[in-house]
Structures are given as C-alpha cells and as structure tokens.
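S.K.: Supplied in structure tokens, the structure appears directly below.
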Amino acid sequence: MMNRLKTLLNKIIPGLFGKRKHMKIGLYGPPNAGKTTLANRICRDWLGEDVVMGTASEIPHETREIQMKENIHLKKKGKEITFNLIDTPGIATKIDYEEFLKHKMNKKVAKERAKEATKGVIEAIKWLDNMDCVVVVLDSTTNPYSQVNITIIGNLAARNIPVLIAANKTDLKKANVKSIEAAFPQYPIVGISAELGTNIDELYETLTKLVR
C-alpha cells in the first residue's frame with residue numbers, strides 16, 4: 001500500500017511543482033535601439049493589441065519607467081512559453097540634460113527628463129535580478145562595441161541570465177548584423193526589423209528554444 005502511495009505521489013508532485021510560473025522576459029538595450037517597437041510587435045502578434053507599451057520616439061529615454069505586459073502565450077513549431085514581457089528604459093552610462101535640449105525642450109523640462117531617465121536606468125538594472133531571460137535589442141546600424149553595450153552584456157553575464165540578442169533595424173542600409181555576431185559570439189543573435197516584422201518568426205523560435 002505504501003509503495004503504491006509513494007508511486008502515486010511521485011507522479012503527482014512533479015505535476016504540481018514542476019511547471020514554472022510565468023517567466024519574466026525583459027527587453028534591454030541602449031536608447032533608441034527599438035525595444036518599445038519590438039514590445040509592441042510582440043504584443044500585436046500574440047495578444048492582438050496594437051500599441052500597449054508606449055509609443056516609439058526619436059527622443060532618447062522616452063521610456064523612463066518599467067512597463068510590463070502579462071500573460072503572453074507564444075507558440076512556435078510545437079513549443080510553447082507563457083511569460084510576462086518587461087519593456088525597460090534604455091540603458092546609458094551617462095545621461096546629460098543637454099541631450100534633451102536638442103529636442104526643443106526648455107532647460108527645466110530637460111533637467112527633469114534627465115533625472116527621470118537616470119532613475120529609470122537604475123531601476124532597469126535592479127530588475128535584472130527578476131528576469132528569467134533577456135532579449136538585448138541592439139541597433140545594427142551602430143558600432144556594437146560601445147561602452148553601453150559592454151555594460152549591458154557584462155551585467156547579464158555576471159548574473160548568468162539566458163540572453164538572446166535582437167540585431168534590430170535590418171531594413172536600414174547601414175545595418176550590419178555580422179558586426180554584432182563578431183562582438184558577442186557567445187549569444188544567439190537574430191537580425192530583425194521590429195518595425196516591419198522582418199525575421200520575427202525566427203526570433204520567436206530562438207526564444208522558445210532558449211528558455212525551455
């Protein structure tokens with residue numbers, strides 16, 4: 001009788017505790033790399049909603065607070081994951097209010113923006129401890145060996161978090177995905193255009209393989 005009970009419990013317990021709760025997948029990267037554009041693309045594809053994470057903008061640090069969309073169920077080629085998507089403020093090693101003056105803001109507003117952006121960066125780094133996986137969104141038209149990119153990758157490596165790099169903006173002439181592959185060969189890299197949806201399916205497939 002005891003052996004039968006033990007066998008039954010061995011079957012039931014993994015089913016009760018073996019399934020992971022909804023994972024947290026964070027979008028990280030420097031300002032204006034396309035994180036919010038990608039967040040919106042993911043939400044439209046899997047939740048049928050348009051703009052839910054905010055509006056992409058040419059102004060740096062437009063996203064200054066952590067934004068989360070819950071219960072995204074992604075399914076590709078028989079593999080499924082359910083996760084909460086976290087769109088984070090752009091990571092920067094230096095934030096100067098003069099950046100915002102270039103976008104026709106007055107000095108007072110610009111200084112407030114810089115203060116909020118700095119707070120957002122600090123909060124984004126703190127949230128790394130809660131992430132099950134991170135998609136690093138990089139602008140494939142810029143030099144991947146920037147101090148910001150090295151800082152982001154260094155923080156992720158220190159925490160041993162699974163990483164997928166989305167080399168964004170491949171629709172632009174200056175895009176160079178190979179330069180990002182050369183810079184960070186230790187991580188899977190998928191060239192995409194979040195704006196046009198180019199190669200997004202490959203990004204989804206790679207993501208499901210990475211987090212299972």
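The values are calculated or read from the model by the stated rules, or taken from the named source; none is laboratory data. Because the structure is predicted, anything quoted here is derived from the model rather than measured. Positions of Cβ are generated from backbone atoms using ideal geometry, with glycine treated the same way; all protein chains shown enter the neighbour counts.
S.K.: Within region 155-212, take every residue that is of a type in the set (S, T, Y), modelled with pLDDT of 95 or more and in a helix (DSSP H, G or I) and give me the one that is nearest to K75 (Cα to Cα).
M.R.: Step one: of region 155-212, the residues of a type in the set (S, T, Y) are 170, 179, 187, 193, 198, 204, 206, 208.
After this cut, where a residue has to be modelled with pLDDT of 95 or more as well, the list is 170, 179, 187, 193, 198, 204, 206.
From what is left, the residues that are in a helix (DSSP H, G or I) are 179, 204, 206.
Values: S179: 30, Y204: 8, T206: 11 Å.
Top of the filtered list is Y204.
S.K.: Something else about it: Has region 130-153 got at least one residue that is touching a Phe, Trp or Tyr at 6+ places or on another chain (Cβ under 9 Å), within 22 Å of M23 (Cβ to Cβ), in a helix (DSSP H, G or I) and at pLDDT 90 or above?
M.R.: Yes.
S.K.: Oh, and also: Which members of region 147-178 meet the condition of being surrounded by fewer than 22 Cβ atoms within 10 Å (Cβ to Cβ), polar (S, T, N, Q) and touching a strand residue (DSSP E or B) at 6+ places or on another chain (Cβ under 9 Å)?
M.R.: N155, T170, N176
S.K.: If W127 passes every condition in (1) within 19 Å of L85 (Cα to Cα); (2) at pLDDT 95 or above; (3) among the aromatic types (F, W, Y) but one, which one does it miss?
M.R.: W127 satisfies all of (1) within 19 Å of L85 (Cα to Cα); (2) at pLDDT 95 or above; (3) among the aromatic types (F, W, Y) except (2).
S.K.: Follow-up. Can you tell me how many residues within region 122-139 are out of contact with any Leu (no Cβ under 8 Å at 6 or more places or on another chain) and surrounded by 19 or more Cβ atoms within 10 Å (Cβ to Cβ)?
M.R.: 4
S.K.: Can you pull out every residue in region 10-61 that is modelled with pLDDT of 55 or more, more than 20 Å from A166 (Cα to Cα), in a loop (DSSP other than H, G, I, E, B) and of a type outside the set (G, A, S)?
M.R.: Answer for region 10-61, where residues must be modelled with pLDDT of 55 or more, more than 20 Å from A166 (Cα to Cα), in a loop (DSSP other than H, G, I, E, B) and of a type outside the set (G, A, S): K21, H22, E49, D50.
S.K.: Among the residues of region 66-82, write down those that are outside any strand (DSSP E or B), out of contact with any helix residue (DSSP H, G or I) (no Cβ under 8 Å at 6 or more places or on another chain) and surrounded by 11 or more Cβ atoms within 10 Å (Cβ to Cβ).
M.R.: none
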